[in-house]
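See structure below.
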Amino acid sequence: MDSARKGALMQADDATPASWKDRIVAPEEVLKKIHPGMHIFLSSGPAEPRTLLRALRDSKLYNLQDLGLMQLISVGDVVGEDSLQSRRYRLKTFFSGGVANHAITEGQIDLVPSYFSDVPRLLSTGAIRVDVAFVQITEPDSGGFVSLGLAVDTAREAIEKAGLVVGEINPALPRTLGDSFVALDAFDALVESQLPPHCAGRWPLDPTFEQLAENVASQIDDGSCLAYAIGPLFEALVSPLSKKRDLGIHSLLVTDAVMDLMLSGAVTNRRKASFRGRTLGSWVVGTPELHAWVHENPRVEMQGVDVTACPMRRARNERFVSILHARKVDLTGRVALHFGAGTRAPGKVLAAAGPAEVADLLLAARLSLRGKSIVAIPSRNLQGKSNILAGLGDLPHQLIVRESIDLVVTEFGVAHLAGRTVRERAQALIDVAHPDDRASLVEQGKASHLLFPDQIYLAEAGHFYPKEVATTRTFKGGLEVDFRAIRPSDEEEMRQLFYRFSEEAVYYRYFSPIKTMPHRKMQSYVNVDYRTTMCIVATVSEPHEDHVIAEARYVCLSPEARFGDIAFVVDEAFQGRGIASFLFLYLMQIARERGLEGFTADVISSNKAMLRVLEKSPHPIRARVEMGSYHLEIPFGEQVGPGGKAISFS
């Protein structure tokens, strides 16, 4: 930068100003130095230089013609949709959310398709022209340095390339740490801000998003590193994530929700491989309380987007999790992202990510050791229509790399997609759709040849699905096992469990030497009426998948029946850990809560393992021999006395 022109706008002919306050000029004086055709970089989003921009918007100066304004993200309130109608300037952005959502499609804003992490390089190399930089900054410290405050993004590169650099000093701007400091001498002109920094309100909690957040959080392990965003989902995630330990944040945004998570102790950044102990961000978007909290906070590190958005840097952190709040998803796993005016609300912002930002996130999750990508979506929109579709059609903002999506989560559960066929994906996604939409989706899936032509679905079963029975237990050797009611999408896992059984185990379970378990048989087995049948599966988690290792069920002959017939089986690789005993006692607890009076069971006399499990019954068991097997009755009304035996043979 030409040092001869430094301070040219502020210096008197015969003196150098004694302090920075002496260098303050009126915004109109700055605008007189602008020439038609210039490209002006603006601090982005929450750091929008509001005083300079209002002066630009309202000025009658003739030279302010045919200007190009450039921001990475536009979430402020000065460059709004009304001002975009001006013929004097045109906004160029790299972000398809916020103000830009509607204006891009209307041709009012020029979108630069680019990865955020590439933007600093494009500025530095001159691929994107910068003539003037309007940057909001703090008051200088005693050493003569200002902080970029709420937005670091690419401001440093813009300052280095611009021929005219103007700092809008805002005394209310928090002094953030990290790569945020710039020498005051880098600025050709200083303007005093007449407006407070831009603030964004918090989203209210909503029951649907609270349940959605609970399900998302269930898939996030202790020690995971997250990229946080803005919106009702991320607000609702605070409560369930506060129960986690040693989370890390490597994000574009630092928000009120991130502040809450750090104050809860859940976010320590202790396990991060880079910037250990510090939350990373490029923008601070939120309330005045957040601004006060980030002020000189050593636990918050502000860096440029070449650091915060870079997939390789994110992926250095083990268990990096990308969480995408999507608009629609189809039965194959294709995703449509948010767009349009629906992403904004009075006083609040939903920073809907565009395809390029999402691609960076998904790549980071792919490259991270034990990373995962989660798409979170309410089952229905505000108009009551399904957000899970047979196909996306021509919806905009489609993310076509369905291979990169590991999990789709709704308020009704979690669909595991990684490693599954298109048919299995469709089944899993139907299982987490709104219960009233599932039967229709099954029919659409069959018509689209995504499901078998003979696929069955019990329409009423979705309304009776007993999600309350889900629980987790730890067994011998530290094995953590999740238990839940069976779902139709468990068909393939149950088939694979069957084929892992020995011939003896198959005979003990089915009283027949069954050799095969085709789709026709298994789909009838996994589609159950939860009013007459309770089936619990036990699963263990792999990085992107849950595998069924055990199953237990009771079946009542009718809704009025008071006794249920029980059977259970455990993968032989997991036997001897107490899983069968837990399933038996847990199934008994569920049956009692549902009003059953007892169990019946038929056990082949040589099945000693099953008998040992049943001996742990707290209720007496009456047994009689029928054709080489025991017929058992377990009435719940009696208790086994001290020193008594559970099973009595007749």
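The values are calculated or read from the model by the stated rules, or taken from the named source; none is laboratory data. Only a predicted model underlies this, so the values are computations on that prediction, with no experimental measurement involved. Methodologically, a virtual Cβ is constructed for each residue, glycine included, from the backbone with ideal geometry; neighbour enumeration extends over all protein chains shown.
Among (1) of a type in the set (S, T, N, Q); (2) modelled with pLDDT of 90 or more; (3) within 25 Å of S373 (Cα to Cα); (4) buried (at least 17 other Cβ atoms within 10 Å of the Cβ), where does T421 come up short?
Of the numbered conditions (1) of a type in the set (S, T, N, Q); (2) modelled with pLDDT of 90 or more; (3) within 25 Å of S373 (Cα to Cα); (4) buried (at least 17 other Cβ atoms within 10 Å of the Cβ), the odd one out for T421 is (4).
So which pairs qualify, if the first residue must be in the stretch 292-319 and free of Cβ contacts under 8 Å to residues at least 12 places away in the same chain, the second must be in a helix (DSSP H, G or I) and surrounded by fewer than 20 Cβ atoms within 10 Å (Cβ to Cβ), the Cβ gap must be under 9 Å, and the two must be at least 6 apart or on different chains?
As it stands, the answer is none, since no pair meets every condition given.
Check L395, L399, L407, L417 and return the single one that is closer than 23 Å to L337 by Cα and touching a Gly at 6+ places or on another chain (Cβ under 9 Å).
On the way: L395 fails: touching a Gly at 6+ places or on another chain (Cβ under 9 Å); L399 fails: touching a Gly at 6+ places or on another chain (Cβ under 9 Å); L407 fails: touching a Gly at 6+ places or on another chain (Cβ under 9 Å).
None of the other options fit; the residue is L417.
Based on this model, can you work out whether A162 counts as of a type in the set (G, A, S), in the same structural domain as A365 (by TED's automatic domain parsing) and crowded, with 23+ Cβ neighbours inside 10 Å? Walk me through how you get there before you give the answer.
Details: of a type in the set (G, A, S): yes; in the same structural domain as A365 (by TED's automatic domain parsing): no; crowded, with 23+ Cβ neighbours inside 10 Å: yes.
Against the criterion (of a type in the set (G, A, S), in the same structural domain as A365 (by TED's automatic domain parsing) and crowded, with 23+ Cβ neighbours inside 10 Å), A162 does not qualify.
Would you be able to say whether some residue in the stretch 402-414 is at pLDDT below 95, within 24 Å of A213 (Cβ to Cβ), in contact with a helix residue (DSSP H, G or I) (Cβ under 6 Å, 6 or more places away or on another chain) and in a loop (DSSP other than H, G, I, E, B)?
No: the stretch 402-414 contains no residue that is at pLDDT below 95, within 24 Å of A213 (Cβ to Cβ), in contact with a helix residue (DSSP H, G or I) (Cβ under 6 Å, 6 or more places away or on another chain) and in a loop (DSSP other than H, G, I, E, B).
Could you list all residues from the stretch 573-605 that are charged (D, E, K, R) and more than 23 Å from L497 (Cβ to Cβ)?
Within the stretch 573-605, the subset charged (D, E, K, R) is 577, 592-594, 597, 602.
Correct list: R592, E593, R594, E597.
Step by step: first the residues of the stretch 246-256, then only those that are free of Cβ contacts under 8 Å to residues at least 40 places away in the same chain and either of a type in the set (S, T, Y) or buried (at least 24 other Cβ atoms within 10 Å of the Cβ) (or both), then the one that is nearest to L367 (Cα to Cα). Which residue is that? Don't jump to the end; show me each part of the working.
Keep residues of the stretch 246-256 that are free of Cβ contacts under 8 Å to residues at least 40 places away in the same chain, which gives 246-247, 249, 255.
With either of a type in the set (S, T, Y) or buried (at least 24 other Cβ atoms within 10 Å of the Cβ) (or both) added as a condition, the list becomes 247, 249, 255.
Details: L247: 18, I249: 17, T255: 26 Å.
Top of the filtered list is I249.
Which condition number does E503 fail, the rest of (1) touching a Lys or Arg at 6+ places or on another chain (Cβ under 8 Å); (2) surrounded by fewer than 17 Cβ atoms within 10 Å (Cβ to Cβ) being met?
(1)
Residue-by-condition table, conditions (1) at pLDDT below 90; (2) more than 27 Å from T332 (Cβ to Cβ); (3) touching a Phe, Trp or Tyr at 6+ places or on another chain (Cβ under 9 Å):
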{"position": "S448", "(1), (2), (3)": "no, no, no"}
{"position": "P453", "(1), (2), (3)": "no, no, no"}
{"position": "Y457", "(1), (2), (3)": "yes, no, no"}
{"position": "G462", "(1), (2), (3)": "yes, no, yes"}
{"position": "V469", "(1), (2), (3)": "no, yes, yes"}
{"position": "G477", "(1), (2), (3)": "yes, yes, no"}
{"position": "F483", "(1), (2), (3)": "no, yes, yes"}
{"position": "E491", "(1), (2), (3)": "no, no, yes"}
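Any idea which of (1) closer than 19 Å to V284 by Cα; (2) modelled with pLDDT of 95 or more; (3) within 34 Å of the chain's Cα centre (by Cα) is the one E168 doesn't satisfy?
The number of the failed condition is (3).
Please enumerate the residues belonging to the stretch 625-647 that are exposed (fewer than 11 other Cβ atoms within 10 Å of the Cβ) and not in a loop (DSSP other than H, G, I, E, B).
If the condition is that a residue be exposed (fewer than 11 other Cβ atoms within 10 Å of the Cβ) and not in a loop (DSSP other than H, G, I, E, B), then E626 is the only one that fits.
Residue-by-condition table, conditions (1) touching a strand residue (DSSP E or B) at 6+ places or on another chain (Cβ under 7 Å); (2) within 30 Å of P171 (Cα to Cα); (3) outside the structural domain of T51 (by TED's automatic domain parsing):
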{"residue": "D222", "(1), (2), (3)": "no, no, yes"}
{"residue": "A229", "(1), (2), (3)": "yes, yes, yes"}
{"residue": "E235", "(1), (2), (3)": "no, yes, yes"}
{"residue": "V238", "(1), (2), (3)": "no, no, yes"}
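Any idea which of (1) part of a loop (DSSP other than H, G, I, E, B); (2) touching a residue at least 40 places away in the same chain (Cβ under 8 Å) is the one R484 doesn't satisfy?
In the conditions (1) part of a loop (DSSP other than H, G, I, E, B); (2) touching a residue at least 40 places away in the same chain (Cβ under 8 Å), R484 misses (1) alone.
Taking the conditions exactly as written (buried (at least 18 other Cβ atoms within 10 Å of the Cβ) and assigned by TED's automatic domain parsing to the domain that holds K616), does V537 satisfy them or not? Break it down stepwise before answering.
Working: buried (at least 18 other Cβ atoms within 10 Å of the Cβ): yes; assigned by TED's automatic domain parsing to the domain that holds K616: yes.
Criteria met by V537.
Give all pairs with beta carbons closer than 6 Å in which a residue from the stretch 402-425 that is farther than 22 Å from L363 by Cβ meets a residue that is modelled with pLDDT under 95 and not hydrophobic (A, V, I, L, M, F, W, C); count only pairs at least 6 apart in sequence or on separate chains.
Qualifying pairs under 6 Å: V422/T332; E424/E492.
Among strands (runs of 3 or more DSSP E) lying entirely in the stretch 487-603, which contain 3 or more residues that are within 33 Å of the chain's Cα centre (by Cα) and closer than 30 Å to F649 by Cα? Break it down into steps so the answer makes sense when it comes.
Details: elements: 533-541, 546-555, 563-570.
Result: 533-541, 546-555.
Name the single residue that is farthest from the chain's Cα centre (by Cα) among those in the stretch 117-156 being within 29 Å of P311 (Cβ to Cβ), buried (at least 17 other Cβ atoms within 10 Å of the Cβ) and β-branched (V, I, T).
Once the filter is applied, the top-ranked residue is V130.
Just give me the residues in the stretch 124-144 being in contact (Cβ under 8 Å) with a residue 40 or more places away in the chain and not in a strand (DSSP E or B), in sequence order.
Initially, the stretch 124-144 is screened for residues in contact (Cβ under 8 Å) with a residue 40 or more places away in the chain, giving 128-137, 139-140, 144.
If the condition is that a residue be in contact (Cβ under 8 Å) with a residue 40 or more places away in the chain and not in a strand (DSSP E or B), then I128, R129, V130, D131, E139, P140, G144 are the ones that fit.
Restricting attention to the stretch 598-648, which residues are within 21 Å of A561 (Cα to Cα) and in contact with a Gly (Cβ under 8 Å, 6 or more places away or on another chain)?
Correct list: G598, F599, T600, H619, P620, E633, I634, P635, F636, G637.
Give me a count of the residues in the stretch 270-279 that are under 15 Å from P298 (Cα atoms) and surrounded by fewer than 23 Cβ atoms within 10 Å (Cβ to Cβ). Don't jump to the end; show me each part of the working.
Looking only at the stretch 270-279, we keep the residues that are under 15 Å from P298 (Cα atoms), and these are 270, 275-279.
Subset that is surrounded by fewer than 23 Cβ atoms within 10 Å (Cβ to Cβ): 270, 275-278.
Of the residues in that region, 5 qualify.
Hey, among the residues in the stretch 28-85 that are exposed (fewer than 15 other Cβ atoms within 10 Å of the Cβ) and among the small types (G, A, S), which one's modelled with the lowest pLDDT?
G80
Among the residues of the stretch 443-477, which ones are free of Cβ contacts under 8 Å to residues at least 60 places away in the same chain and either buried (at least 18 other Cβ atoms within 10 Å of the Cβ) or farther than 16 Å from D431 by Cβ (or both)? Don't jump to the end; show me each part of the working.
Step one: of the stretch 443-477, the residues free of Cβ contacts under 8 Å to residues at least 60 places away in the same chain are 443, 446-447, 449, 451, 453, 459, 462-463, 467-468, 470, 472, 474.
Within the stretch 443-477, A447, H449, L451, P453, G462, E468, T472, T474 meet the criteria.
Condition (residue is basic (K, R), under 17 Å from the mean Cα position of the chain (by Cα) and either modelled with pLDDT under 85 or outside any loop (DSSP other than H, G, I, E, B) (or both)) applied to the stretch 346-357: is it met by at least one residue? I'd like the intermediate steps shown before the answer.
Within the stretch 346-357, the subset basic (K, R) is 348.
Next cut, under 17 Å from the mean Cα position of the chain (by Cα) only: none.
No, the stretch 346-357 has no match at all.
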